[in-house]
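The values are calculated or read from the model by the stated rules, or taken from the named source; none is laboratory data. Just so it is clear, the model here is predicted, and its values are computed rather than measured. All Cβ positions, even for glycine, are placed from backbone atoms using ideal geometry, and neighbour counts span all protein chains on display. Remember, those area values only see protein heavy atoms, side chains included, never the ligands or the DNA or RNA. Shrake-Rupley method; radii C 1.70, N 1.55, O 1.52, S 1.80 Å.
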Protein chains: 6
Amino acid sequence: MSTREAKIAQSETRIFKAVFPNTTNHYDTLFGGTAMQLMDEVAFITATRFSRQRMVTVSSDRIDFTKPIPAATIVELVGKVTYLGNTSLKVRVDIFVEQMYSDEREKAVSGEFTFVALDENKKPVRILE
Amino acid sequence: MSTREAKIAQSETRIFKAVFPNTTNHYDTLFGGTAMQLMDEVAFITATRFSRQRMVTVSSDRIDFTKPIPAATIVELVGKVTYLGNTSLKVRVDIFVEQMYSDEREKAVSGEFTFVALDENKKPVRILE
Amino acid sequence: MSTREAKIAQSETRIFKAVFPNTTNHYDTLFGGTAMQLMDEVAFITATRFSRQRMVTVSSDRIDFTKPIPAATIVELVGKVTYLGNTSLKVRVDIFVEQMYSDEREKAVSGEFTFVALDENKKPVRILE
Amino acid sequence: MSTREAKIAQSETRIFKAVFPNTTNHYDTLFGGTAMQLMDEVAFITATRFSRQRMVTVSSDRIDFTKPIPAATIVELVGKVTYLGNTSLKVRVDIFVEQMYSDEREKAVSGEFTFVALDENKKPVRILE
Amino acid sequence: MSTREAKIAQSETRIFKAVFPNTTNHYDTLFGGTAMQLMDEVAFITATRFSRQRMVTVSSDRIDFTKPIPAATIVELVGKVTYLGNTSLKVRVDIFVEQMYSDEREKAVSGEFTFVALDENKKPVRILE
Amino acid sequence: MSTREAKIAQSETRIFKAVFPNTTNHYDTLFGGTAMQLMDEVAFITATRFSRQRMVTVSSDRIDFTKPIPAATIVELVGKVTYLGNTSLKVRVDIFVEQMYSDEREKAVSGEFTFVALDENKKPVRILE
């Protein structure tokens, strides 16, 4: 495994969350905006743990909400670096939904976020490998 | 003005928000995920107020975070219907940043969200005009 | 339209919000305190956008909760400057409730907030026009 | 002490809270709306504990924010029934600010809330003594 | 009453809270973690109000969740200093559950927290009496 | 690897979180109560994912806050089943702190939570393997 592959594996970041009433809408499913907030958080942590530099979100690519996420389930968000440029990188985030009382698990949402590394003067800076 | 244009104008939806410490990261700017959560909320309200039907987010297109949003500013989110299909519609959301103590105001973020109208059995249904 | 009228019109501030389970009490209506928090936020933004000075809340006048605000509705808060003194101003805030699936809309709550402009030493200072 | 006085004493309700960054604005003081939300919560609990009936807020009287509440202090909210009518009652709420590292304590905010008792059909009903 | 007993009595700290949907899990009871967060907050305020020094949590002893806390009840947390060492003290926290519409009240949770007093260099320092 | 070991490995649950201003106290460290809330959440998800039964927290053992968790760090919570009885199990939760801009990582907090499996009538029930 190359250094880059090792760094990608080691910076993979996971967040589990129980879908309780304080995160759901009146259709009793996880509010789309709450999903996006969690996705950006896991993407930011993944990017920072990969580069150990100051990273800011510059864009999110198309996000598909393939399946609704019902209340009283468990979600796992997984963030992984998928592209590395000079001053930017991309993180893919998948959300999996697990039933609480069975082993059923499926992918519900996925999207990709682009981050840029900034120096102390907030200018783009090379991402170190 | 056609009926559709009137409905689009009337469903335009605005949210102002003061950027206080409970919504910022350690760079003292609005957390990207918080911006996305607000964008989805304003988009959802715009879509619902246009159609008066049960709408769910199916995707967000590319969102560009053109400028950081510093703490101690005011943001205005504006949602507007930009496309109307048979069972789906698109809402564009812009975020403007206003300085508190000057009239300076500029666009900081924009993105587009796609919603589908569902009937009581959660099947896609025609959006009524 | 005078300068003052123009400034009042331009500082009018709107916040839409979907009433979801994280803002309701066990009667399934918007908690009064949550309504008050949103009213103060919209009043503060209105006062700041009118004066572009440092404004603090000094009092709220009587607030009438005319109608309960049920879950699964949409509310719009509207803030507007209604009085301008030397160092203080008043902002009226109305909350309208909209049904999600019909065009029904009515006023549910209204109140008035008084703000004072402060200088850097936290002393009252004339509001500039 | 009469039964009523005993019930008033016994329903007195207190909430202490540490003023941390998640409740303050960019002036580093407790946001007015957060104070109002806490005041309505303590008033609601006081009214419910007095009557043991279903109570809803119908109005708040003038609330004076006499002194700002700085970050890194402790506040105590005290709610007490001050008037008892046929179907309504009033609760006075005072907020005291305590310094963390001295015994200094002073009243910062006070206001009065009116509640009505409702029966199962949401009609006003006599408050039992 | 000795000075210490007077200080213990005077630093007793109470927080009432209504158990609304934003604090409950899908079993419609108060989430254990929310109870622990409130317990730590009341313990921290009690410790600070006793010593008027900079206090940090170093451990929590065994916490027993004797009874579930259902939605639509009222809880009261009571914090009281139970042990005073040279640089540390212990605070006991009890949570009582009250029914809203009857006088029924019982203890549901209790636990003990240990705090250490720190000086400006974050070194343990004697707690003053 | 036995079935039980496989289930323990597969139910291991991780939550990463960035320590931002909305979770810190006035010492600029993660509030102890917020740490406990996250620990209970990761423990609950671990217990549920192990048993796929209805689990409730009955107690937490002593929790040691060995090191403060400063703002602008990243924490990882890891939950793992450590004991399996007839109707109860224990989950150990460790919190690791990672610096954002270096590979430094150390354990800051650890504790153990006990859960009981309940049937539909809320009676303890055997945990299935």
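Here F:Val91 meets each of (1) assigned to a loop (DSSP other than H, G, I, E, B); (2) touching a helix residue (DSSP H, G or I) at 6+ places or on another chain (Cβ under 6 Å) with one exception, condition (1). Scanning segment C:99-129 for residues that are outside any strand (DSSP E or B) and of a type in the set (A, V, I, L, M, F, W, C) turns up C:Met100, C:Val125, C:Ile127, C:Leu128. Among the residues of segment C:109-129, those identified as more than 13 Å from the chain's Cα centre (by Cα) and of a type outside the set (Asp, Glu) are C:Val116, C:Ala117, C:Leu118, C:Asn121, C:Lys122, C:Lys123, C:Pro124, C:Val125, C:Arg126, C:Ile127, C:Leu128. A Cβ distance below 7 Å, combined with a sequence gap of six or more or placement on separate chains, defines the contacts here; from segment E:1-12, residues that are among the small types (Gly, Ala, Ser) reach residues that are assigned to a helix (DSSP H, G or I) and modelled with pLDDT of 95 or more in the pairs E:Ser11/E:Thr46; E:Ser11/E:Arg49; E:Ser11/E:Phe50. How about segment D:51-76: which of its residues are hydrophobic (A, V, I, L, M, F, W, C), within 9 Å of another protein chain (Cβ to nearest Cβ) and under 13 Å from the mean Cα position of the chain (by Cα)? D:Ile63 - this is the single residue of segment D:51-76 that is hydrophobic (A, V, I, L, M, F, W, C), within 9 Å of another protein chain (Cβ to nearest Cβ) and under 13 Å from the mean Cα position of the chain (by Cα). Of all residues in segment E:56-66, none satisfies being of a type in the set (Gly, Ala, Ser), part of a strand (DSSP E or B), over 23 Å from F:Thr66 (Cβ atoms) and in contact with a strand residue (DSSP E or B) (Cβ under 8 Å, 6 or more places away or on another chain). Exactly one residue out of F:Lys90, F:Lys17 is closer than 20 Å to A:Glu12 by Cα, within 14 Å of chain E (Cβ to nearest Cβ) and charged (D, E, K, R): that is F:Lys17. Evaluate segment A:86-101: report whether one residue or more is modelled with pLDDT under 95, over 27 Å from B:Met55 (Cα atoms) and among the aromatic types (Phe, Trp, Tyr). Yes; the residues of segment A:86-101 include at least one that is modelled with pLDDT under 95, over 27 Å from B:Met55 (Cα atoms) and among the aromatic types (Phe, Trp, Tyr).
Identify all residues within segment C:83-93 that are surrounded by fewer than 14 Cβ atoms within 10 Å (Cβ to Cβ) and of a type in the set (Ser, Thr, Tyr); write none if there are none. Within segment C:83-93, just C:Tyr83 meets the criteria. The listed residues are A:Lys123, A:Lys107, and the only one of them that is more than 22 Å from B:Thr24 (Cβ to Cβ) and open to solvent by 20 Å² or more (accessible area, probe 1.4 Å) turns out to be A:Lys107. In this structure, D:Glu5 does not qualify as away from chain C (no Cβ under 11 Å), over 25 Å from D:Glu120 (Cβ atoms) and part of a strand (DSSP E or B). Evaluating C:Phe96 against the criteria (1) buried (at least 21 other Cβ atoms within 10 Å of the Cβ); (2) in a strand (DSSP E or B); (3) aromatic (Phe, Trp, Tyr) leaves one unmet condition, (1). One residue alone among F:Ile74, F:Ile69, F:Ile45 is modelled with pLDDT under 95, within 18 Å of A:Ile15 (Cβ to Cβ) and aliphatic (A, V, I, L, M), and that residue is F:Ile69. Against the list (1) under 19 Å from A:Met39 (Cα atoms); (2) touching a Leu at 6+ places or on another chain (Cβ under 9 Å), the condition B:Ala47 fails is (1).
Of the residues making up segment A:20-50, those that are within 17 Å of the chain's Cα centre (by Cα), open to solvent by less than 10 Å² (accessible area, probe 1.4 Å) and more than 8 Å from chain B (Cβ to nearest Cβ) are A:Ala35, A:Val42, A:Ala43, A:Ile45, A:Thr46, A:Ala47, A:Thr48, A:Phe50. Inspect segment E:60-77 for any residue being closer than 30 Å to E:Pro124 by Cα, without any contact (Cβ under 8 Å) to a residue 60 or more places away in the chain and open to solvent by 50 Å² or more (accessible area, probe 1.4 Å) and give the result as yes or no. Yes, segment E:60-77 contains at least one residue that is closer than 30 Å to E:Pro124 by Cα, without any contact (Cβ under 8 Å) to a residue 60 or more places away in the chain and open to solvent by 50 Å² or more (accessible area, probe 1.4 Å).
For segment B:26-44, state whether one or more residues are in contact with a helix residue (DSSP H, G or I) (Cβ under 6 Å, 6 or more places away or on another chain), β-branched (Val, Ile, Thr), under 26 Å from D:Phe31 (Cα atoms) and part of a helix (DSSP H, G or I). Yes, that holds for at least one residue.
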